[in-house]
Amino acid sequence: MVVYTISGTEAVCSTATNGTATISTGLQSGTIVVVKFGNKSVKVRI
């Protein structure tokens with residue numbers, strides 16, 4: 001899983017273990033990011 005800022009900068013990358021991935025981005029609450037996992041991407045507000 002890779003998390004990108006809305007401007008396209010990679011914020012953090014993580015590998016899932018047993019179907020679960022935990023990340024800490026250090027970004028402020030309410031920030032919109034794009035989360036890419038496999039071939040799918042989702043826009044998320046953290």
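The values are calculated or read from the model by the stated rules, or taken from the named source; none is laboratory data. Fair warning: this is a prediction, and the values are worked out from it, not measured in the lab.
Per the listing ILE32, ILE23, the residue uniquely modelled with pLDDT under 90, at negative phi and of a type in the set (A, V, I, L, M, F, W, C) is ILE23.
Checking the condition of a type in the set (A, V, I, L, M, F, W, C) and within 9 Å of the chain's Cα centre (by Cα), which residue from ILE32, ILE6, ILE23 passes?
Checking each option against the conditions leaves just ILE23.
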